[in-house]
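**Student:** Before we start, here is the structure in question, set down as structure tokens.
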Amino acid sequence: MLGDATNWDEDAYRESLYKEREVQTRTVFRTAWAPSLSGCPESIVVASSDGSIASYSIASCISKLHSGYGNTKSLLAAEPHCFLQGHDGPAYDVKFFDAGDNTLLLSCGDDGHIRGWRWNECTDIEVPIYLQGSHIEPVMDLMNLQYKGPWGALSPIPENNAIATNTQSGSIFSAAGDSCAYCWDLESGKIKMVFKGHSDYLHCIVARNTVNQIITGSEDGTARIWDCKTGKCIQLIDPAKDNKKQKGNFSCVRCIALDASESWLACADGRSFSVWNLPASDFISRTLTRSSMQDMVFCDNQILGVGAEPLLTRFDIHGSILSEIQCAPQSAFSVAVHPSGVAAVGGYGGLVDVISQFGSHLCTFFCQYR
Amino acid sequence: MDEEIEEGMLIEDETEPPPQESETGKISPYEMLRESKSSVEEIVTKMLSIKKHGEPKTQLRELVTQMFLHFVTLRQANRSILLEEDRVKAETERAKAPVDFTTLQLNNLMYEKSHYVKAIKACKDFKSKYPDIELVSEDEFFRDAPEDIKNSIRSKDSAHNLMLQRLDYELFQRKELCKRRDELEQHKKSLLEVIANRKKFLSSLPSHLKSLKKASLPVQNQLGMLQTKKLKQHQLAELLPPPLYVIYSQFLAQKEAFGENIELEIVGSVKDAQAFARHQANKDAGASTNVESSKLEDDAPDEDDDGQRRRKRPKKIPAKVNIEHAGIYQVHPLKIILHIYDNETCEPKSMKLLSLKFECLSKLNIICVGIEGSHEGPENNILCNLFPDDTGLELPHQSAKLVVRETLSFSDKRTSRPYKWAQHLAGIDFLPELPPLVSAQESASGETVRSDIVSGLSMYRQQNRIQTVVQRLRSRKKAQLALVEQLDSLEKLKWPVLTCDNVPWASHKPSCSLQGWSLVGYATSQESSLNIMEKEKVRDPLDVDMLGKSGISREDIDGAREDGELPALVSSTSILDNAQPTPLRTPNLEHSKQLTLISKSITPQTNYSRMLSFSKHDEDYELMLDVDSDQDEPMQTELAADDVASIPSNDITRKTWMDYGSKEYCLVMTRNTDSPAKNLKLQAKIKISMEYPLRPPFFTLNLYTINSEENRDESDDSDWYNELRAMEAEVNLHILNMLPLDQENYILSHQICCLEMLFNYCINEASRSSERKKSSFVIDVGLCKPVSGSIHARSFRGRDRRKMISWKDIECAPGYPC
């Protein structure tokens, strides 16, 4: 409650103002749908710039949204079901490592850690929400190495910008800030393979498990396909190559997406994205976008993309726009599609917008917790 | 027959007592009777037997004579018995008379005896009067009584004599006392006379003193002792309505107890105030007539003796009319003026910061505050939002809202407004809502009321309301002065100069040029309490704006959209509005015009009635005005569409009070880069709210590239979006935590300097990275093994390609690694 002349606490008021602003500047870096038995979208896991990983129940968000219409808050301040203070810096990615009953929730962040929690421990939580944070110990904690420079100076810990998984071989692939991708063994917690070759830090990584390959996108403007057995780069995709005519526009590969059959690849660089057919190694199309794409995902034969504008754009495989849906975050960093077709867009402002398969907004909430 | 009778008689005779004189020589008549009877019986038996045997009747003759003889003796015996009886009777009669006489004598004697006994008892029961008389004790009597009483002998019985003596003594004493009482009465009467004389003298004294006081006034003014003025103020204070009195007394107490650097003054005429109070009392008593009130006014003691008041007297009549007809805005004739001085300067005469005028709208029972002598618009009114959510546009409490009902406008014309903090200062929260005289009359219920007030006042003091408000006012005024200073310097397009040197941007030398600084507008409530009609109009320009910035015309987008979701979204709101019945539109427009002026309090009421009739279509309206509704929710999809459409507008409504009185400025800084030759323009929209510096200015950044040859601005927003947001976060939030508290009033300057430094840094980095690209330096990141033998420190990091900024020695904000 705000103060008045009868009980004025200036510091508390200032604190609340700053807190409000902090919430506004928070960014959701990744949203992931939790595996559900019913096949309906039940809960969503959100990794945000304050290093927190929190799961929200869609059903309760929707119900609160409806009952809370007369409220003064225009946006729903959602309370998470489970809250983990996962990382010291921003948390960049969350993934579910599906291993039967023993599903793991993996996250990586700016502090160079990859941590894993047992998902059923998170769902069966009994602790009240205000006590949560570090109440569940991660079952797994992998950390990137620091480099020693001249005279033994330690470099900053490289961050992990994205992770990918291979459940069959039990490995986790991470796109690290030291321009290398790593393959971690889940059992031993050791690095199995280092993929070295990019000249700037990695933004994104996807695993192509059918042929045991990974694909990485980097700040240096290229994407590479690697063979996991040998650790060698099989193919260098340089979207900017054909585009040299563009006047000196430096761009990086900020996101890549692979379809379910693992044969189509979408790769965004700067203000355009290109589609490749992997089996044929063919360049299919190139599409210019108004803003730089920050996350893409395949949904059936279509590509959903979000960028630095408040729109969720649906492209077909040739890159023509099928639809644009207004979404809440002004700059979206993440789009996640549930098998049922429900999409979640997360981005600047700590906002998560859940959009149904028909394009209507199921609920929009911001992660206010802490 | 005969025989039978005889027989019966005989039987009777036999039962008679036997003769007692049987032993005596003479045969008793009874025996004679018995003998004759038996002989008769014998003869009868003989006669019977003769008759039976049939013997000759001669014998019978003999027998009959015998029998007659016997009968004669029988009769003789009978007569002698009767005679005897008579004799006994007469004897008894003779004996009875003496017996009767003695009985009578006995009774007489008994009666006499009881009479004497009664008389004795009555004598014994007789009570004397003397036990009721309180007498002095015997010892005392012997000690004190005069000799002649002691020696007098009235009776032979010594005890009785003593008693008589004591009674005499008592009588003597009482007579003495009566005499004394008479004397004292006399004395009292004479004293009363003296007192009356002296009173007469006293009543004539005030007029003397008054003339003396009048004579002393010039001397007082000369010597600077404003005793009279102070007295007058106190006298005026007594006429203040309770809320103003609380303000006055509490401020005075604060000033005297803590040496607060403030001055208080009550202005207004005593006459008017008295008339007002009387009028109020009369009206409540239900007997208010013009004649009476004017008479009362004449009765008012003539205590106004300085010329100023006298000059005001002709105004009296209109003032009275005001009282009658001013309606709900009726202002109490007395007002308090509060001067607040700077408390930090050590000079004896410190600078005056503010003068506030408190007035009381007695009908509404609210306190209004304005800045004395200022007629600036509400946007410049620095009293608003002194505390959160206090624009002063709405009435502070419910009862007032009920009284007003419709036509309230604390419009821009009024310079004094009912801020909530003013009500808190006046203690309206615990004062009873009654005019002063009435509450004074009701002494019965007055006790509880008084105790309420006492506890309320102690709470008031505990909460330090006066101190809090004065502190806030001072800091607000100082901040505003500092702000004006900063704005002036920016107006002249000079970079602000910072006096604090332990923040990195203070020592930074600006290399951008400050190209523009302009006031964009006021974000007043007029704009924010949008009506529905304008909502979409506002939205659309926004859209155009956004698209325009990204350099793609609207037509292109529409083409690309086909029949996708977004157009449907935008049109859905307009469809909703169009679907509203047309009669709604016109009243709506009028209403909304009013609504912008009228306080929010009224909105729900007017809106509610409409809501009942057009509940479905008013869905949007409802959202905007934040009315609680229990209406059925429409279909989910429709809702979802509404939801997004209403997000921005709803947001605005929610923040109305925060925006109230805030100003928006536009700052433009440009920077030329050599490679590639570009002219970058950073535009910052700065919203400075009334709560500055508590709520720091809010920056919204846009970046443009100016192509020198085409001279056309091109938005670079989407490329730079994340960098701009990071800069915003840094300027709006993170650097605030690093600022020392004494620099608070100069937050704006700090923010601008910091922004310039960040902008500079960003551009340098950008040009460096593009350079790098061009010259095809292959460099590795971090300190990992170089691919081509050169070491380069990273400048970007993370998925949002954040610049790695670290402030030396200062802890970073969470989420931003150092």
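**Student:** Filter the range A:192-209 down to residues that are farther than 10 Å from A:Ala162 by Cα and either within 14 Å of chain B (Cβ to nearest Cβ) or among the hydroxyl-bearing types (Ser, Thr, Tyr) (or both), then give me how many there are. First the steps, then the outcome.
**Tutor:** Residues of the range A:192-209 that are farther than 10 Å from A:Ala162 by Cα, as a first pass: A:192-201, A:207-209.
After this cut, where a residue has to be either within 14 Å of chain B (Cβ to nearest Cβ) or among the hydroxyl-bearing types (Ser, Thr, Tyr) (or both) as well, the list is A:194-201.
Residues that pass the stated criteria total 8.
**Student:** Would you check if A:Val194 is assigned by TED's automatic domain parsing to the domain that holds A:Gly100 and of a type in the set (A, V, I, L, M, F, W, C)? If you could, list the steps in order and put the result at the bottom.
**Tutor:** Values: assigned by TED's automatic domain parsing to the domain that holds A:Gly100: no; of a type in the set (A, V, I, L, M, F, W, C): yes.
No; evaluated as a whole, the condition is false for this residue.
**Student:** Let me ask something else. Of everything in the range A:154-190, what is β-branched (Val, Ile, Thr) and either in a strand (DSSP E or B) or out of contact with any Asp or Glu (no Cβ under 7 Å at 6 or more places or on another chain) (or both)? Give them in sequence order.
**Tutor:** Residues of the range A:154-190 β-branched (Val, Ile, Thr): A:157, A:163, A:165, A:167, A:172.
Correct list: A:Ile163, A:Thr165, A:Ile172.
**Student:** Right, something else. Scan the range A:176-187 and tell me whether some residue there is of a type in the set (S, T, N, Q), away from chain B (no Cβ under 12 Å) and at positive phi. Please lay out each step first, then the result.
**Tutor:** Taking the range A:176-187 as the starting set, the residues that turn out to be of a type in the set (S, T, N, Q) are A:179.
Of the ones still in play, those that are also away from chain B (no Cβ under 12 Å) are none.
No, that holds for no residue.
**Student:** Name every residue in the range A:327-340 that is more than 9 Å from chain B (Cβ to nearest Cβ) and outside any strand (DSSP E or B), in order of residue number.
**Tutor:** Residues satisfying the conditions are A:Pro329, A:His338, A:Pro339, A:Ser340.
**Student:** At least 1 residues that are at pLDDT 85 or above and either more than 14 Å from every other protein chain (Cβ to nearest Cβ) or under 60 Å from the mean Cα position of the chain (by Cα) (or both) in each: list the strands (runs of 3 or more DSSP E) lying fully within the range B:667-736 that qualify. Explain how you work it out, then say what you get.
**Tutor:** Numbers: elements: B:678-688, B:698-707, B:712-715.
Once the strands (runs of 3 or more DSSP E) in the range B:667-736 are filtered for at least 1 residues that are at pLDDT 85 or above and either more than 14 Å from every other protein chain (Cβ to nearest Cβ) or under 60 Å from the mean Cα position of the chain (by Cα) (or both), what remains is B:678-688, B:698-707.
**Student:** Let me ask something else about it. Tell me, please, whether a residue that is part of a helix (DSSP H, G or I), crowded, with 21+ Cβ neighbours inside 10 Å and among the β-branched types (Val, Ile, Thr) can be found in the range A:43-54.
**Tutor:** Kept after step one, since they are part of a helix (DSSP H, G or I), are these residues of the range A:43-54: none.
So far as the range A:43-54 goes, no, none of its residues is part of a helix (DSSP H, G or I), crowded, with 21+ Cβ neighbours inside 10 Å and among the β-branched types (Val, Ile, Thr).
**Student:** In the range A:85-137, what residues are within 17 Å of A:Ser43 (Cα to Cα), in contact with a Leu (Cβ under 6 Å, 6 or more places away or on another chain) and either buried (at least 21 other Cβ atoms within 10 Å of the Cβ) or among the aliphatic types (A, V, I, L, M) (or both)?
**Tutor:** Those that are within 17 Å of A:Ser43 (Cα to Cα), in contact with a Leu (Cβ under 6 Å, 6 or more places away or on another chain) and either buried (at least 21 other Cβ atoms within 10 Å of the Cβ) or among the aliphatic types (A, V, I, L, M) (or both): A:Lys95, A:Trp117, A:Trp119.
**Student:** Which residue pairs have Cβ atoms closer than 8 Å, lie 6 or more positions apart in sequence or on different chains, and pair a first residue in the range B:445-468 that is modelled with pLDDT of 80 or more with a second residue that is β-branched (Val, Ile, Thr)?
**Tutor:** What qualifies is B:Leu457/B:Val246; B:Tyr460/B:Val246; B:Gln463/A:Thr6; B:Arg465/A:Thr6.
**Student:** Could you please let me know if B:Ile195 is at pLDDT 85 or above, surrounded by fewer than 16 Cβ atoms within 10 Å (Cβ to Cβ) and in a helix (DSSP H, G or I)?
**Tutor:** Numbers: at pLDDT 85 or above: yes; surrounded by fewer than 16 Cβ atoms within 10 Å (Cβ to Cβ): yes; in a helix (DSSP H, G or I): yes.
Yes.
**Student:** Find the residue count for the range A:287-303, including only residues that are away from every other protein chain (no Cβ under 14 Å) and either among the aromatic types (Phe, Trp, Tyr) or surrounded by 21 or more Cβ atoms within 10 Å (Cβ to Cβ) (or both).
**Tutor:** Our first condition is that a residue be away from every other protein chain (no Cβ under 14 Å); within the range A:287-303, this holds for A:297-301, A:303.
Checking which are either among the aromatic types (Phe, Trp, Tyr) or surrounded by 21 or more Cβ atoms within 10 Å (Cβ to Cβ) (or both) leaves us with A:298, A:303.
Selection size over the range A:287-303: 2.
**Student:** Let me ask something additional. Residues to consider are B:Phe126, B:Phe141; find the one that is of a type in the set (A, V, I, L, M, F, W, C), under 30 Å from B:Arg166 (Cα atoms), surrounded by 10 or more Cβ atoms within 10 Å (Cβ to Cβ) and at pLDDT below 90.
**Tutor:** On the way: B:Phe126 fails: surrounded by 10 or more Cβ atoms within 10 Å (Cβ to Cβ).
From the options B:Phe126, B:Phe141, the qualifying one is B:Phe141.
**Student:** Ok, one more. Out of all the residues in the range A:254-271, which are touching a Pro at 6+ places or on another chain (Cβ under 7 Å) and within 15 Å of A:Gln294 (Cα to Cα)?
**Tutor:** First pass over the range A:254-271, keeping only residues touching a Pro at 6+ places or on another chain (Cβ under 7 Å): A:263, A:267, A:269.
Listed by number, the residues that qualify are A:Cys267, A:Asp269.
**Student:** Within the range A:267-285, take every residue that is more than 21 Å from the chain's Cα centre (by Cα) and assigned to a strand (DSSP E or B) and give me the one that is surrounded by the fewest Cβ atoms within 10 Å (Cβ to Cβ).
**Tutor:** We begin by selecting, within the range A:267-285, every residue more than 21 Å from the chain's Cα centre (by Cα); these are A:276-285.
Going one step further and asking which of them are assigned to a strand (DSSP E or B), we end up with A:276-277, A:282-285.
Details: A:Trp276: 22, A:Asn277: 13, A:Asp282: 9, A:Phe283: 14, A:Ile284: 15, A:Ser285: 15.
Applying the filter and picking the extreme gives A:Asp282.
**Student:** Of all residues in the range A:108-153, count the ones that are aliphatic (A, V, I, L, M) and within 20 Å of A:Tyr182 (Cα to Cα).
**Tutor:** Residues in the range A:108-153 being aliphatic (A, V, I, L, M) and within 20 Å of A:Tyr182 (Cα to Cα): 6 in total.
**Student:** Could you look through the range A:23-42, keep only residues that are more than 8 Å from every other protein chain (Cβ to nearest Cβ) and at pLDDT 90 or above, and pick out the one that is nearest to the chain's Cα centre (by Cα)?
**Tutor:** Within the range A:23-42, the match that is nearest to the chain's Cα centre (by Cα) is A:Arg30.
**Student:** For the range B:149-163, which positions are without any contact (Cβ under 8 Å) to a residue 12 or more places away in the chain and surrounded by 10 or more Cβ atoms within 10 Å (Cβ to Cβ)? Give the steps one after another, and end with the answer.
**Tutor:** Step one: list which residues in the range B:149-163 are without any contact (Cβ under 8 Å) to a residue 12 or more places away in the chain, which gives B:151, B:153-161.
Within the range B:149-163, B:Arg154, B:Ser155, B:Asp157, B:His160, B:Asn161 qualify.
**Student:** Cβ-Cβ distance below 9 Å, separation of 6 or more or different chains: which pairs start in the range A:311-326 with a residue that is in a strand (DSSP E or B) and end on one that is among the aromatic types (Phe, Trp, Tyr)?
**Tutor:** A:Phe315/A:Phe273; A:Ile321/A:Phe315; A:Leu322/A:Phe315
Yes/no matrix, rows are residues, columns are (1) assigned to a helix (DSSP H, G or I); (2) in contact with a Gly (Cβ under 6 Å, 6 or more places away or on another chain); (3) on the phi < 0 side of the Ramachandran plot:
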position	(1), (2), (3)
A:Lys192	no, no, yes
A:Ser199	no, no, yes
A:Trp226	no, no, yes
A:Thr230	no, no, yes
A:Glu262	no, no, no
A:Leu265	no, no, yes
A:Thr287	no, yes, yes
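The values are calculated or read from the model by the stated rules, or taken from the named source; none is laboratory data. The structure displayed is predicted, hence computed values, not measured ones. Note that we place each Cβ from the backbone using ideal geometry, even for glycine, and neighbour counts take in every protein chain shown.
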